[in-house]
1. Roughly what percent of Cα-Cα pairs across the stretch 103-142 reach past 11 Å?
2. Calculate, for residue 75 and residue 96, the FRET efficiency according to 1/(1 + (r/R0)^6) with r their C-beta to C-beta distance and R0 41 Å; round to the nearest 0.05.
3. Tell me the label-point distance for the pair residue 47, residue 130, using the 7 Å Cα-to-Cβ offset, in nm and rounded to one decimal.
4. Can you work out ³J(HN,Hα) from phi for every residue in the stretch 77-83, in order, using Karplus 6.51 cos²θ - 1.76 cosθ + 1.60 and θ = phi - 60°, giving whole Hz and x for Gly and Pro?
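Quick note: the coordinates plus some simple rules give every number you see, no bench work behind them. All of these numbers come straight from a predicted model, not from anything done at the bench. Quick reminder, even Gly has a Cβ in these numbers, built from the backbone with ideal geometry, and neighbours come from all protein chains shown.
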Amino acid sequence: MGLRRTRLLAALKANRIGGIHLLPAISTAYPREKMSRKDWELKGFILEGDWTFVTINSVDFRGPRSNPGSSGEYAGVVLHAGLICFNVPDGIRRDAQLEMLDAAIQLIEEYSGEIINMLIKITLEDDCIEAQIFFLPSQELD
């Protein structure tokens, strides 16, 4: 295992981030039988387990980009351990996924590891990665 992947794995464990759809090989705590589940079937497991969820199915979980939280699986969820959505083209390479995850972890570290009720949106555009953070449900960020 390379140094970078080791760092990511340590950060994942420290922050209880579960790579459910996107990075199942990184998450050692995620039960394999859940990997083939549909998004809507995962919501209860994610919330009950207090997982921070990482997904490329952004719209399914956060709702539309223009109005996060207005619909999707996290609409109406009052308390959650965080949601990380990757906005990516189909067929994204694993190394690009890891770079996006690294950007998310850096943002989490800026918030001292506390991303309760936060949505981290990571967007891959051309050769750059844009990282944004919002409250979900919506609030004012300090």
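1. Numbers: 505 of 780 pairs.
Considering the stretch 103-142, 65 percent of its Cα-Cα pairs are separated by more than 11 Å.
2. Values: r = 28 Å, r/R0 = 0.69.
Here the calculated transfer efficiency is 0.90.
3. Reported label-point gap for residue 47 and residue 130 is 3.0 nm.
4. With the stated coefficients, the stretch 77-83 comes to 7, 7, 9, 8, 8, x, 9 Hz.
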